[in-house]
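Worksheet: the structure to be examined is printed underneath.
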Amino acid sequence: MVNSNSDALGIIFPNSYDSLVPELVSERLMASIPFAGRYRLVDFILSSMVNCGIDNISIIVRQNYHSLLDHLGSGREWDLTRKNGGLNIVPPFADKAVKVYGGRVEALASILHFLRSQKEKYVVLSDANIAVNFDFKDFVNSHIESGADVTVAYVREELPAGLLKLRPESKVFYYTLNLNQDHVEKIYINPTMSGPQNLSMNIYAMERERLIDEIKTAFVRGHIYFERDILAPQLDKLHVHAYECQSYTARISDMKSYFDENMKLLYDENLDALFSGNPIYTKIRDDNPTRYIPGAIAKNVMAADGCIIEGEVENSILFRGVKVGKGAKIKNCVLMQDTIVEDGASLEYFISDKNVTITAGKVIKGTDTFPVYAAKRQVV
Amino acid sequence: MAKEMIAMLLAGGQGSRLYALTQKLAKPAVPFGGKYRIIDFPLSNCINSGIDTVGILTQYQPLVLNEYIGNGQPWDLDRLHGGVHVLPPYQQASGSDWYKGTANAIYQNISFIERYNPQYVIILSGDQICKQDYSDFLRFHKEKNAEFSVAVMEVPWEEAPRFGLMVTDENDKITEFQEKPKNPKSNLASMGIYIFNWDILKKYLIEDEADPESENDFGNNIIPNLLRDNRNMYAYHFSGYWKDVGTISSLWEANMEVLDPEHSGINLFDDDWKIYSRNSGMTGHKITGSAIVENSMITDGCRIAGDVKHSILFAGVRVEPGAKVQDAVIMGGTVIKAGAVVEHCIIAENVVIGENAQVGAMPDADEGSVATVGPGIYVGANAKIGPNAMVSQNVKGGEEQW
C-alpha cells in the first residue's frame, strides 16, 4: 500500500487496573475516566495509535463499558470510521456459561478468528491507564530493527504508591523488568523495591501470527495472564526487547495519583510535554467558549470550554461545562464535566465526578494527601 | 424522496467592507464569538429546525470556506440523501457565468433543487448573526397559505431608511416593498430570509433570467415582480437577536454583545439551540497565577499570562506576561507578546503583536473606531497601530501606522 501507515493493528484493554480506582469506575471503566479537562484516558492511547498510522483498532471491553461506548461512538473523532479496519469494539460474548474475561489471554482468545483474518503483520497491545502521547511508529520500528519476538515499553521511575498498596490476594499485577542492554532477562511480578525501576507500561509489539500461536497454546493450557503465563516463563526461549518511553506519562494508580496527575498539568512544562506532540482527539461536545463574568477571579487554572465562572478559582482543573456561582471559592480542585458549584460554596482539595451539584454555601475541605471525592450525579 | 423544504444559503458575498479580514476569506467564513464562523449560525439554525439539505452558493475566495464546510459533519449535515453541498458557479455547454446576482445564483442551481423536489425553498444569507427557528417561519408560511414569505424585524423609525422595508396590512400581507426609501411607510425591515413555494420561485427565476434589464437580485427584481402579480406575500415577524455583521464596527459590536447575553439577547449558552462549529481540538485553556481575566470569553488552547478584560479570545491565543488586552476580538493562533497593549480592536488569525507594541486605543467619546489587523500579520516590537488603522501588511518594529 502506498502510505506511511504502520503495518500494525492495535488492541486496547480498557478495563485493566479498574480496581485501583473503585470510586471512579463505579459507573465506568479505566479507559473512560475523565482526565486533563476535556479528555478520557483512552483518548491518549487511541490518538497515539491513530497519529502513527494505526487505523485498525480493537477495544476489548469487559464490564461497565456503557460510558466508553457513548464516548467512542463510531470512532469518527479519531478518524476511525473506516471501511477497512477502523474502530472495532468487542464486548464479552455471552454464552451458556456467562463469564467475563479474566485476563489478556482469555480476552485475546475471544478474537482469534478476527486476528487470523487481518492483514497487518504486527500487533500492538496496550492498556488505557496511562495518559501519554506515545510514539507507536518509533516503537514498532524499534521492534522490527531489534529482530525480537516481543517488544515491551517501559518507563524508568519509582513504583507508584498506588501499586505498592496492592493486597497480595488482589488479582492486579504490575511488572518491572530486569534488563541486559535492551534485552529483558527477568520480569518481576508485583515487586516492592524502592528507587527508580524499569516499570512496564504493558504496551507490547509482536507479529500477529506469533501472537495468535502464543494465545492459542496458552488458552488451551488454561492460562490467563499474558505477562505472568506467557512472557515470564519463556524468557529463556523468547527474545523480549525493551523499549524505553521517554515521553511524559501520567499513570493512574489510585485516587491520589488521579488528583496529582491532573494538578501537575497546571505547570506549563508538563502541559506542553503531554500535548505539544501530535494532537489528542476526543469526543466533541460543541460547548460555547468559557465565560468569565464580572466578579470572577481565576489564578492558575486550566479550564475547558462551556464553563461559566462567576466566583473565585485557584489552582484547579475545570472540565467542560462547569458552573461556578457568585462568591464561590474553588481552590486545589478537580471538577469534572457539568459540575455545578452554587453561590457562596467553598471547596478545597475536592474532586467532583460528572454532574455533581454543590449547593449554595456548602464548605468542603479535603487535604493534599486525602482529597474529598463526590460521586457522579451526587448533590452535596 | 422529496424533501418538504431545503435551504439555499447565499455565501458569495465579498465582504469588501471588512477589508483586511476578507482579502483571502469569504465573509461567511469570518470567525465570530470565540469559536465560531459566521456561517455556523445559519447552518446550525437549519439542522436545529430540521432542515437537512443545504446548498451553499459561493464564488469569492472559497478555499477556507470549502475546507471548513467539508462533508458537513460538524453540523450533522453529512447525509446519504441531502446534506450540505457547496455550489460554486460552473461551466455549462452554453458557456460559464459567474453568479450575476442573488437570484441568478439560485437560477443557476435549479437542477440542484429539483433533485430534492421540495415543496418549499428557504433562502438564507451567510453574513448575519441570528438564532432563528426556520420551522416556525415555515409554519407561518403554511398557515397564511403564502406563496412567498419574508422574515422581518421591527427597526427604529429613524433607522428605517437604511433597510428594505415591507409595508403590510393588518393580516401581515405585504402590500408594498420600499428599498431604502427616504420616506418610509413601514418600519418592518427585511432580514433577507425568504420562504418560497418552489413552483413559484422557479417560475419567477426563469422569467427574471429572460429579462436582459434585470439585475437578477431578490430585493430589486424578484420581490417587485411578485408584488406586480399580486402574489400571496406575507411578512413573518422575528423578534430575536439579529445582526448584519458586514462592517468592522458591527462585527466588533456583535462580538462584544456576546459578552453580555443578558442584555444583548445573543445567548450562545443555549443547550436547546446549540451553535455547532468545526472544533480546534486543542486542550483546555490555561490561566496562570499572574494573569487577570475579567468579563471575557476564552476558549480551548489559549494561554493567558497577561491582563484580559472585556475581550473575546479564539482558540490558541497566547497573551504573554505584562501584555494588556481590552475590548478586543482576538482570532485564533494570535500571539500578544510581553508588554504589548491591545485595545478596542479586531486582530485576525495567526497575527504576532511584538513586545511593547500598541494596537488601537480606548475611545474618548462613545463612538470609537476599531483598529483592525489582518491575518498572518507581524507587528514588530514597539510599533504603534492607531485606532483608525486597517493593517494588511507587516509593520516593522518601532514603526507607526494610523
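By how many nm would the segment from A:Arg210 to A:Ile364 lengthen if fully extended, with 0.36 nm per residue of separation less the alpha-carbon distance?
Extra length from A:Arg210 to A:Ile364 when fully extended: 50.0 nm.
What residue among A:Val42, A:Val220, A:Val301 shows peak mean-square fluctuation when chain A is described by a Gaussian network model with Cα springs under 10 Å?
Ranking A:Val42, A:Val220, A:Val301 by mean-square fluctuation puts A:Val220 first.
Could you work out the Kirkwood radius for the stretch A:291-374, taking every pair of different alpha carbons, averaging 1/r and inverting it, reported in Å?
Kirkwood hydrodynamic radius for the stretch A:291-374: 11.9 Å.
Relative to the present Cα-Cα distance, how much length would full extension add between B:Asn267 and B:Asn71 at 0.36 nm per residue of separation?
Computed gain between B:Asn267 and B:Asn71 is 67.8 nm.
Cα centroids of the stretch B:39-70 and the stretch A:318-380: how far apart, whole angstrom?
Using only Cα atoms to place each centre, the spacing works out to 39 Å.
Quick one: which residues, 5 or more positions from B:Glu294 or on another chain, have an amide H under 5 Å from its amide H? H modelled 1.01 Å from N in the peptide plane, none for Pro or chain starts.
Residues meeting the criterion, in which the H sits 1.01 Å from N, are B:Val308, B:Lys309, B:His310.
Modelling each spin label as a point 7 Å along the Cα-to-Cβ direction, I'd like the B:Asn230/A:His113 distance in nm, to one decimal.
7.4
Compute the relative contact order of the stretch A:291-374 as a whole-number percentage, counting only Cα pairs closer than 8 Å that sit 6 or more residues apart in sequence.
So the answer I get is 20 percent.
Pull up the cross-link candidates among the lysines for A:Lys216, meaning alpha carbon to alpha carbon under 21 Å and not fewer than 8 places away within one chain.
A:Lys99, A:Lys119, A:Lys121, A:Lys237
Residues of the stretch B:219-259 with amide nitrogen under 17 Å from the 7 Å Cα-to-Cβ point of B:Asp97?
B:219-223
At 20 °C and 1.002 mPa s, grab the translational diffusion coefficient of the stretch B:1-136 from Stokes-Einstein with a Kirkwood Rh over Cα pairs, rounded to a whole number in µm² per second.
Reported coefficient: 141 µm²/s.
What are the semi-axes of the equivalent ellipsoid of the protein assembly as shown, taken as the square roots of 5 times the eigenvalues of the Cα gyration tensor, listed largest first and rounded to whole Å?
So the equivalent ellipsoid measures 54, 32, 24 Å along its semi-axes.
Provide the gained length on full extension for the span A:Ser26 to A:Glu145, in nm with one decimal, where the gain is 0.36 nm per separating residue minus the Cα-Cα distance.
Taking 0.36 nm per residue and subtracting the Cα distance, the gain is 38.6 nm.
Name all residues of the stretch B:62-80 having a backbone nitrogen under 18 Å from the label point set 7 Å from the Cα of B:Lys142 along its Cα→Cβ direction, giving them as ranges.
The answer is none.
Compute, for the stretch A:8-275, the length of the dipole vector about the Cα centre, with Cβ point charges of +1 (Lys, Arg) and -1 (Asp, Glu) only. Units Debye, rounded to 20.
900
Can you compute the FRET efficiency between B:Ser250 and B:Arg79 using 1/(1 + (r/R0)^6), with r the Cβ-Cβ distance and R0 = 30 Å? Round to the nearest 0.05.
0.35
In percent, how large is the relative contact order of chain B, given Cα pairs closer than 8 Å and 6 or more residues apart?
This gives 13 percent for chain B.
Which whole-number percentage describes the relative contact order of the stretch A:8-275, with Cα contacts under 8 Å and a sequence gap of 6 or more?
23
Each label point is 7 Å from the Cα along the Cα-to-Cβ direction; what then is the distance between the points at A:Glu244 and A:Ser194, in nm?
Between A:Glu244 and A:Ser194, the simple spin-label model gives 2.3 nm.
Which lysines have a Cα less than 25 Å from the Cα of A:Lys256, not counting those fewer than 8 places away in the same chain?
Answer for A:Lys256, where 25 Å is the Cα cut-off: A:Lys165, A:Lys171, A:Lys264, A:Lys299, A:Lys323, A:Lys329, A:Lys331, A:Lys354, A:Lys362, A:Lys365, A:Lys376, B:Lys286, listed by chain and number.
Which of the aspartates and glutamates could be linked to B:Lys274 by a straight reach, that is with a Cα gap under 13 Å, when you skip same-chain ones fewer than 8 residues away?
Cross-link targets: A:Asp286, A:Asp287, B:Asp40, B:Asp76, B:Asp133.
Can you give the helix-only mean residue ellipticity at 222 nm for the protein assembly as shown, where every DSSP H stretch with n ≥ 4 adds -39500 (n - 2.57) and the sum goes over all residues, rounded to the nearest 500 deg cm²/dmol?
Result for the protein assembly as shown, helices only: -5000 deg cm²/dmol.
For a Förster distance of 41 Å, can you work out the FRET efficiency between the beta-carbons of B:Ala210 and B:Leu63, rounded to the nearest 0.05?
0.75
Only the coordinates and a few stated rules stand behind these numbers; no lab work does. Note that this is a predicted model, so its numbers are computed, not measured. A quick note on method: Cβ atoms are made from the backbone with ideal geometry, for glycine too, and the neighbour counts reach across all protein chains shown.
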